[in-house]
Amino acid sequence: MVSTVVIGGGAAGIAAARTLWDAGEDVLLVEASDRLGGRTRSVSIPLDNVVGAASHAVVDEGCGWLHSAKRNPWTAIAEASGFTIDQSSANWRTQWRDLGFPPKDQEASHAAFAEWSKRAHAALGGPDRPLSDFVTPSDRWRPMIDAISGYANGANLSQVSLQDWAAYEDAATDDNWAIVEGYGTLVASHAGEVPIRLSTPVTRIDHRGRRLKLATPAGTIEADRAIVCVPTTVLATGALTFDPPLPDKQAAADALPLGLADKVFLEVDRPEWPANAHLVGNPYGVCTASHRLSPFGLPIIESFFGGDCAESLEGGDASQFAIDELVALLGSDWRRRLTPRGATRWRQVPHIGGSYSHARVGQAGQRAVLAAAIDDRLFFAGEACHAHDFSTAHGAYETGVAAARVICQRRAIA
């Protein structure tokens with residue numbers, strides 16, 4: 001028997017459990033997988049062309065940016081915990097040496113994106129619509145705008161709600177910083193001394209009686225209350241069920257599916273660019289990678305795919321696709337200088353099944369439905385529950401902390 005069980009060891013679950021633990025509450029964090037972090041995950045990859053301590057590099061397979069960094073709570077946590085924050089520009093709007101992307105075309109594409117955004121914002125007073133409504137099929141830059149939607153939303157323009165997109169876009173700021181030791185390392189370390197059970201998926205919550213009964217493969221856990229911090233895929237597919245059922249929660253989760261963003265990591269023999277440079281592979285195509293060149297000055301390339309492009313490459317060789325794009329820009333002799341060091345397939349990760357949420361058209365209001373507490377003892381948190389900072393680790397953090405604080409307030413009153 002425990003007072004509060006937090007279900008899910010991602011950014012939201014860790015934030016909720018740590019808040020309760022620091023307040024002296026009786027809390028247990030249970031996580032379905034064998035690690036903490038959820039959709040944040042830092043891993044070490046080998047580097048063959050360097051020696052010494054730098055023979056490995058830490059990369060983020062999931063969240064990699066402190067988005068809206070100046071107001072992002074993880075920024076202060078990183079600073080207080082001694083992590084190294086790199087405030088260099090992400091350079092997403094620049095093309096190293098203008099390779100394959102002449103300056104005039106860069107200017108034209110930026111103008112087209114700005115005009116598309118202006119048209120979308122002008123429609124906010126009307127009914128919800130897909131983002132694809134605001135770019136014409138004949139627009140030369142439609143593929144690039146669609147690719148950007150894939151990166152930002154994990155889904156292409158036709159799948160994303162205007163109202164939902166604007167809620168995020170209008171709240172976000174342009175300060176995007178990175179953590180040298182890894183965002184995933186930071187999030188997992190924040191759990192501190194919180195009691196944790198890994199490899200403990202909760203499959204059913206019986207909330208009929210005075211105490212909650214949480215079914216797991218290791219047996220039933222009884223609790224006074226629970227904070228559910230699982231991806232929307234877990235609720236939408238019925239991997240976690242409730243007794244009595246909560247059909248509104250399942251419907252809300254289904255209305256907020258996880259899009260897809262994947263990464264490829266390549267080692268580079270003798271990089272010729274400065275740290276944190278950038279290339280878009282094919283600025284005229286919808287299926288292309290955003291290539292981050294030598295993050296933190298490391299001899300690696302992080303190639304980022306999103307939306308339908310990422311979906312199509314999960315069943316193929318994304319590393320080879322990234323290499324082919326880079327060779328087309330850099331020259332044929334670069335093929336021997338690029339070595340695959342890893343690739344993600346988030347759609348296939350058990351207990352997760354995707355990257356970050358977007359609202360289906362007409363369904364932006366389902367975020368509030370998903371976030372609503374049940375009977376003051378079943379609470380819900382996670383990036384999909386945030387009104388405007390969804391799809392981020394800081395949005396997840398804030399919802400986890402908010403749920404935990406409600407519990408602390410209720411107990412103080414009682």
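The values are calculated or read from the model by the stated rules, or taken from the named source; none is laboratory data. This structure is a prediction, so every number in the text was calculated from the model and none was measured. Heads up, the Cβs are rebuilt from the backbone with ideal geometry, glycines too, and the neighbour counts pull from every protein chain shown. Ligands, DNA and RNA are stripped out before the accessible areas are found, and what is left, the full protein with its side chains, is counted by its heavy atoms. Shrake-Rupley method; radii C 1.70, N 1.55, O 1.52, S 1.80 Å.
Yes or no, residue by residue, for (1) modelled with pLDDT under 95; (2) on the phi > 0 side of the Ramachandran plot; (3) outside the structural domain of D376 (by the TED database):
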| residue | (1), (2), (3) |
| --- | --- |
| D170 | no, no, yes |
| S199 | no, yes, no |
| I205 | no, no, no |
| R211 | no, no, no |
| T216 | no, no, no |
| A223 | no, no, no |
| L235 | no, no, no |
| L240 | no, no, no |
| D269 | yes, no, yes |
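When the residues of segment 186-215 are filtered to those that are surrounded by fewer than 17 Cβ atoms within 10 Å (Cβ to Cβ) and among the polar types (S, T, N, Q), the one that is nearest to the chain's Cα centre (by Cα) is S199.
Could you check segment 136-239 for helices (runs of 4 or more DSSP H) lying wholly inside it with 3 or more residues that are of a type in the set (D, E, K, R)? Answer list for segment 136-239: none.
Restricting attention to segment 343-355 and to residues that are open to solvent by 40 Å² or more (accessible area, probe 1.4 Å) and part of a loop (DSSP other than H, G, I, E, B), the residue that is farthest from P46 (Cα to Cα) turns out to be H351.
Restricted to segment 50-83, and to residues that are among the β-branched types (V, I, T) and out of contact with any strand residue (DSSP E or B) (no Cβ under 7 Å at 6 or more places or on another chain), which residue is most open to solvent (accessible area, probe 1.4 Å)?
The residue in question is V51.
For segment 54-73, the condition holds for no residue, the condition being that it is over 25 Å from F265 (Cα atoms) and in a strand (DSSP E or B). Every condition in (1) part of a loop (DSSP other than H, G, I, E, B); (2) at pLDDT 95 or above is met by D376 except one, and the failing one is (2).
Residues checked against (1) surrounded by 18 or more Cβ atoms within 10 Å (Cβ to Cβ); (2) charged (D, E, K, R):
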| position | (1), (2) |
| --- | --- |
| A372 | no, no |
| D375 | no, yes |
| C385 | yes, no |
| G395 | yes, no |
| G400 | yes, no |
| I407 | yes, no |
| R410 | no, yes |
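Among the residues of segment 162-185, just one is among the aromatic types (F, W, Y), farther than 29 Å from P247 by Cα and open to solvent by 10 Å² or more (accessible area, probe 1.4 Å), namely W177.
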